[in-house]
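The structure appears right after this line, and notes come after that.
The values are calculated or read from the model by the stated rules, or taken from the named source; none is laboratory data. Every value quoted in this text rests on a predicted model; they were computed, and no experiment measured them. No Cβ is skipped: glycine too gets one built from the backbone with ideal geometry, and neighbour counts run over all protein chains shown. Side chains are part of the model used for accessible areas, which takes the heavy atoms of the whole protein and leaves out ligands, DNA and RNA. Shrake-Rupley method; radii C 1.70, N 1.55, O 1.52, S 1.80 Å.
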Amino acid sequence: MPGRCATDEMIVPSSGHLGSVGTGLAYFLAALGSMLLTLNAKGFGTIWPASGILVAALLIARPGQAAGHLLTAAVASVAANLLSGVGVTNALAFTAANIVEATIVVRLCQHWHGDEPPDMTSPRQVGRLASATICGAFCSAALATFISGANNIDFFLSWFVTVSLGMMIVTPLVLTGWTLTRRTARVRTNRSPWEIAALLGMMALVSLLVFGQSTYPILFVPMLAQIAVTYRLGPFGAAAGVVIVASTGSVMTAQGFGPLTPLHLTSAALLFLQIYLLALLMSALPLAALLAKRDELVRQLRIAHLEAAQTATAAMTAADTDQLTGLASRRCILSLLHDAMAQTPVAVALLDVDHFKAVNDNYGHQTGDRVLRRVADAIAGVLRSSDRAGRFGGEEFLLILRGAEIEALMAIAERVRGAVEASTPQSDEPPVTISIGVAIASEGESAEALIHRADRALYASKIAGRNRVHAAEQPSFL
């Protein structure tokens, strides 16, 4: 099959899988367009995009659908070859070679990756697709050379390079485009349609400017544009950019334009363009895969950081909260007390549930736990927004009260005592009361000393008959 080169007249799949009729139509248009638009003087072209379309369709197809794709592609190949002037024998030979190459590539990919298409964001899977492509292209080149009777090295090399480029350039584009259209796709571009259009438009404009003139050898310019497109759009941009350059370069070179014009459309010009496209492809696709892998790692790190932060927050919350009562834990209430004593006048009230041991002994520990929750709810319901309450240990609770006026503080403590006494027990719970000791912090006093004075006042309440509030004496050194 002589006359193979690039064209941009190909159909990219936009649904979950390519129908066999769509595959045949896309194959026919790509093959016929390539041969009609870009034949050089010796009948050779640059790339064969039809092979890339067939390989992509087979990789995307559901199990059991491969035969339909191969059949329609074979019919399309024979028709395109006949319409372009190829004889019947060669048309059949070239078609057989193309079907064999696609089958080999797909079988190798499925052996490595199962039924899922290769992931173009994975450097390893990109490399395996390239290896499978080389194997398939080598076998098809040998078969086409033998069947067609064109037993010369030039034909073999031209076929091998042409179909290799076609599969390496077009297959990744189709696969990434298909992946991006899936709702469950793991890899999506976060670029706006306007940015995508602008970047690909820039790539097309650069390609036209470079290959539309013959004065300056500026083939490095599309490479710079390709790097920018790859960096912004990832694997899709890499594949699309190479397709744009390959299509433009092939068509313009075949028409006698471009930096390769001084080579006069010889085999050397064709080989140079193929090597150039291969270099462009081999730099763009691995870069895109590495960038995508980097983005995935960054995403995973962000998720891990968020999860770690949430776990740390949950752990801190658990450490600061008493799991039984929902009040501040002992560690938390002591920390709050140290902070409060360094800022404003403050007092503490240490309270204890009266005869709580008898509650546990007579009603059981589960009932005792419910009593403690009821006491905690009663305390929380009457405190001011500036006050804090925490479980100090067992049946003891510590309150941090703002202010230094003993009358106001005693009134708050009395309100707490009355709320607990008036709380409504469940049917299997006994009513309980509390005793409270109140102590006002003195300048220079430690939190431990303040709590100790409140504890002595609490003991005085117990001695006086329980269910009452007692104020601590101020330190004697003042």
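Of note:
- Percent of C-alpha pairs per 10 Å bin, the chain, short to long: 4, 17, 19, 11, 4, 4, 7, 10, 11, 8, 3, 0
- Note: relative contact order over the chain, using C-alpha pairs below 8 Å and six or more positions apart, is 12 percent.
- Of the trypsin sites (Lys or Arg not before Pro) in the range 324-394, the ones in a loop by DSSP (not H, G, I, E or B) with at most 16 other beta carbons within 10 Å are Arg384.
- Our estimate of slack between Gln300 and Ala315, defined as 0.36 nm per intervening residue step minus the Cα-Cα distance, is 3.2 nm.
- Acute angle (nearest 10 degrees) that the helix 153-181 long axis makes with the longest principal axis of the chain, alpha-carbon atoms: 30 degrees
- In a simple Cβ point-charge model (Lys, Arg +1; Asp, Glu -1; nothing else charged), the range 39-167 has a dipole of about 40 debye relative to its Cα centre.
- Between Met223 and Leu209, the simple label model (points 7 Å from Cα in the Cβ direction) yields a spacing of 1.8 nm.
- Relative to the longest principal axis of the Cα atoms of the chain, the long axis of helix 267-320 lies at roughly 10 degrees.
- Taking only protein heavy atoms and a 1.4 Å probe, the accessible area of the chain is 62% carbon and sulfur.
- In the range 287-367, Rg over Rh equals 1.33, where Rg is the alpha-carbon radius of gyration and Rh the Kirkwood radius from pairwise Cα distances.
- Residue (of Gly444, Phe28, Ala380) at the positive-pole extreme of the chain, dipole from beta-carbon charges: Phe28
- Loop GluC sites (Glu not before Pro), the range 378-429, which have at most 12 other Cβ atoms in a 10 Å radius of their Cβ (DSSP): Glu405
- Accessible area per residue for the chain, computed on protein heavy atoms with a 1.4 Å probe, is 47 Å².
- Taking the range 190-331 and dividing mean pair separation by its residue count, relative contact order in percent (alpha carbons under 8 Å, at least six apart): 22 percent
- Förster radius 60 Å - calculated FRET efficiency between Asp369 and Glu443, Cβ distance, rounded to 0.05: 0.90
- log10 of Debye I(q)/I(0), alpha-carbon scatterers only, for the range 191-341 at 0.16, 0.18, 0.20 Å⁻¹: -0.88, -1.01, -1.14
- The range 15-160: relative contact order as a whole-number percent, Cα under 8 Å and 6+ apart: 23 percent
- Net lengthening on full extension, Arg415/Gln323 (0.36 nm per residue, minus Cα-Cα): 30.6 nm
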